[in-house]
Structures are given as C-alpha cells and as structure tokens.
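What follows is a single structure, written as structure tokens, with notes after it.
The values are calculated or read from the model by the stated rules, or taken from the named source; none is laboratory data. Computed from a predicted model, the values in this text were never measured in an experiment. Backbone-built Cβ (ideal geometry, glycine too); neighbour counts: all protein chains shown.
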Amino acid sequence: MAGAAESSRRHRADERVPVLDYVSPKGRRAVAVATGVLTLAIMGPGTGSQARAASFGTPGITLSAAYLSGAVGAAGDPAVTVTVAQSGADAGALTVTVTKSSRTSVATTADVAVTGTGATRRVAVAARGQGYTDLTLKVTGVDGQSASKTLHYAASAAVQHGADTRYFTGSSDASAAVDVGGGHVVVADDESNVLRLYDRSVSGAPLKTWDFSSRIGVSKEVDIEGAARVGDTIYWTGSLGNNKDGEYKSARNTLFTTKVTGSGASTSLSYGGSYAKLREDLVAWDEANGDRYGFAAGTADGQVPKQIDGFNVEGLEFAPGSTTTAYLGFRAPLAPAVPGGRALLVPVTNIDKVATGSSAVFGAPIELDLGGLSVRDIRRNAANQYLILAGSWAADDNSDPYALYSWDGVPAHAPVKRLDLPTSDPGGWESVVDVPDLTVSGARAQLLTDAGSADLYGDGTEAKDLTHDEWKKARTTWFTVTN
C-alpha cells in the first residue's frame, strides 16, 4: 500500500511539471512538455534572425515624377518628392541615397541633394552639364532590405540672367500670359488649347490646367497668341493667320473668353463665349479702307503668315481706361510692309460684344515706331502704362533683335525704348506677364519665352517634340525696366 501511495504522489507531481524546452546542440529539434502534452518542432539554423526579419516588409519608394528637368546654374529648379515606407518600421528610420548616375558629365551622385524626414523626402539636382542622365534612388530599410527607382533627369544649358530665371514645365510653347494675382499667372500655348496656372516665383509644373476646346467647338489648335484681362474676364485670341504652310485653318480664326474666379493658387477659369470670324471682319475693314495693309493678300491661300507682308496677330490689350476697346497687335504686316516699317495696332471698339457673337467694329489704326520691329506682345497696368515686347516678323531662329518699349497708350505718342533683350539663349521672347509701376526706380517686369523650337538638351530635338512633358519648359525672366 505504501508503494502505491508513493506512485500516486509521483504521478501527481508529474502533472505539475512546468514546460520544458530543450534545444539540441545542433539546433535541430526542440521538445516541450506541458501538462502531459508533447510537442515536437523542427528548427533550422538562424531561425531566430529570420523571424525578426519577417517582422519588416520590403521597403517601398515612389516618386512624384519619374522625369525631371533642370538647368545649369539655375535658381529655384523643380524637385521631386520621394515617399518611402516599410511595414513594421518607422519611416523616419529609413535612408534615401543616390547610388548611381548614368552620365556624370550632367550630374554626379554628389550633385543630388536629399532632404526631409519621415515618409516624405525631397530630391533636388544641381546640374553640372547639358544633357540627360538616369539617377538611381535607393531606400534602405531598418533591417538592410532595399528598393530602388530611376529618376530620368534632363539639364538645359546655362542662360543669361540665371538668378532671375525660372522655368514653367509641362509645355514649351508659351505664347501668352495673364497675371491672376497672388504671384500666379495663367499661360497659353500656341501648340495646344491648354491653359496652365503657374506660381510665378518658382520653376515647376502647372498647378491647374484647362482646355475649353469642346466648348469653343474646335478640334485643332487655336494658335493662341494674345490675351488681355478686364475685370473678371480674360480675352484670348488666335493668330488669325494661315499656318506655316500657308493653309487656312479655321480654329486659328478664334477669339474666346474665360471668366476668372478666385486668385493666386485658388484661381479657377470657366468658359465665356467665342467668335470665329474676326479675320474676315479685319479683311473686309481693310478692303473698305483702300486695302491699306494688304490683309486680303496676307490671308490668301498659300501666303505664309510670318512674312513682312503676311498676316499674323500676336498681341491683345485694352485701350487706356476702356473695357470695350482692345488693341490687336500685329506681328505681320509692317506698315508699310518694308524693312524699317512701323508696327501696327488695330483697335476693336466692341470686343465685349464680339465675344458674344457680334461682328467686330474697328477704330483708327495706330502705327508705332519700334525700330523696324513688330508687336510680339503688349500689356497694360491699372495706371495705363504699357510695355510692348517688340521682335521680328520673321519665322527665324530667334536670333533677330528683341526690345522692350514703354508707351502711354495714346496713338499720337511715340513709344520709348527701355532695353534690348538677350538673344543668345534658346527660345524667343513672347509675352509680358505684367507691367510694374514705370515711375518707380528699379521696377522689374517678368517676360516669358516660347521655346518650342529650341534644342534644350543638346541632342537636336526641338522642345515641342520631346517625348515627356516634364522635360518641356518655357523660360521666364525678370528684367529691370526703369533706372
């Protein structure tokens, strides 16, 4: 009986045995005994470290844009936002580095700056040469795992006034610009009908875009060349001329309006109205006045618009103090159509009604001495001070002279030359963004180029034909226009 009691005590003690883990010296098996249950687990070498690694996911890296454009010696070049993450890890503990450049003559890894903390980083490139390079961006997780993305970078050459220059990307054919307050501008493109909103002070992509083609009823480019704002309405006009092959394209014979709401980054545009017979009205008016400017011949089939006797509108602005009379500024013809001829403005005295479908009524033409140059843009401020951007009527490589003139808007008064504009850099001067107070010393005006025909990156490709919109860009520069 004593033996049986002792056996019973041993059995109850066995039931109270705690869990026993045993790992063989070679780490191959573990045996656990708990409450009479036997468990066998197979464990391989290094299993502990693998378990720890499995608690972190593969790092992720995304770029706000895969293509980026900069310029040698530029100020305020655009940057790319990099977003990183790793499951199970604090994003702030991840590192982002640039591990490779495919063409170090354009930018080395040391020319790329990575800033920021947490999940969002900023990558900026300081170009050292013109051309293209692929930059490899790598994110490394807390456990050493990594992932990479490629940033395709293009750098244009250094330009004059680099510190006062910015680049509006997404389009290269900037053709007209209207200030909308708050340091922002709406820019038109003569190769599409898209209007783009930009921050005037920085390089980069548009904040918003609008395309009113369907509302206007056109499927081809309007060839927007002139714009003017009065109140909350912006008037936009096509060139009204033939295309470069001398063919009539009806979409180019368009004037339309947009209504502005908000300002600055909150600017919004809505469609107003349009008119598609302004060219015919101008030809009829000229013929009724003795064919003084040869508009009928300038619009004839086969006539190239950018000739000294051609027909091409590039400027639009309101007359002093008026909300109904606007000046059409002609790139061609000169008046008379000979070297040294004067630049031509034709007032439309009822442009508010034209935009809603009425035939245009014209005032007395104005001929201005711009040193043999014609109107590429004209812009007025609230004090009725004008700046006229003057350039050649020719369709050249933009090496011909450009100049900036001031004017008071009075037909009998002569414009005053303010400065000659640099012509050695790619792109032609095309637009005046706004007019500062010309009575203030050191006043600065912002001008904009059309770089559609420019070889920005030294590979022989015109900017308008680049395969990625992020590489297309127009240059904008501030100039001091008063002493």
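Scanning the range 104-138 for residues that are under 25 Å from the mean Cα position of the chain (by Cα) and part of a loop (DSSP other than H, G, I, E, B) returns VAL106, ALA107, GLY116, ALA126, ALA127, ARG128, GLY129, GLN130. What are the residues in the range 77-93 that are surrounded by 15 or more Cβ atoms within 10 Å (Cβ to Cβ) and under 26 Å from GLY170 (Cα atoms), if any? Residues satisfying the conditions are ASP77, PRO78, ALA79, VAL80, VAL82, THR83, VAL84. Within the range 139-172, being touching a residue at least 60 places away in the same chain (Cβ under 8 Å) and in a loop (DSSP other than H, G, I, E, B) holds for GLY141, VAL142, ASP143, GLN145, ALA157, ALA158, VAL159, GLN160, HIS161, GLY170, SER171, SER172. Against the numbered list (1) more than 28 Å from VAL106 (Cα to Cα); (2) among the acidic types (Asp, Glu); (3) modelled with pLDDT of 95 or more; (4) in a loop (DSSP other than H, G, I, E, B), GLU430 comes up short only at (4).
Screening the range 185-212 for residues that are in a strand (DSSP E or B) and of a type in the set (Phe, Trp, Tyr) and picking the one that is farthest from ARG380 (Cα to Cα) gives TRP210. Among the residues of the range 353-374, those that are under 30 Å from the mean Cα position of the chain (by Cα) and over 18 Å from LEU255 (Cα atoms) comprise LEU373, SER374.
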